[in-house]
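Notes follow once the structure below has been shown.
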Amino acid sequence: MLVLTRKKNERIQIGEDIEISILAIEGDQIKLGIEAPRHIDIHRKEVYLAIQQENVEAINGFSLDKLKEVLPKR
C-alpha cells in the first residue's frame, strides 16, 4: 500500500486518466474529488462489496429451468 500525505487543494495522479483532489478536511472526514473516465466505476468500498455479493447471489440462484421460464418459447 502506498501512503501519501496531502493537504487541502493538493492532488494525486493515478496513471494518465485518474486524478484525486483533496477538497476539504473537516474533523476526521476528508472530502475527495475524483476525475476519471466514465467507463471506470467508482464506489465506496461498502457499496462495491454489496454489489459483489449481489452478483455472487445472482450466479448461485441461476438455473437452466429459471432461464427457460423467462425465454420465449419457440
Of the residues in the range 35-74 that are exposed (fewer than 11 other Cβ atoms within 10 Å of the Cβ) and among the small types (Gly, Ala, Ser), the one that is farthest from Leu4 (Cα to Cα) is Ser63
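Going through the range 20-44 one residue at a time, which ones are over 13 Å from Asn9 (Cα atoms) and touching a residue at least 12 places away in the same chain (Cβ under 8 Å)? Let's see the steps before the verdict.
So the first thing to find is which residues in the range 20-44 are over 13 Å from Asn9 (Cα atoms), and the list is 26-29, 35-44.
Glu35, Ala36, Pro37, Ile40, listed by residue number.
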Those residues of the range 14-34 which are surrounded by 10 or more Cβ atoms within 10 Å (Cβ to Cβ) and among the polar types (S, T, N, Q) amount to Ser21
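Each value in this text was obtained by applying a stated rule to the coordinates, not by laboratory testing. Every value quoted in this text rests on a predicted model; they were computed, and no experiment measured them. Positions of Cβ are generated from backbone atoms using ideal geometry, with glycine treated the same way; all protein chains shown enter the neighbour counts.
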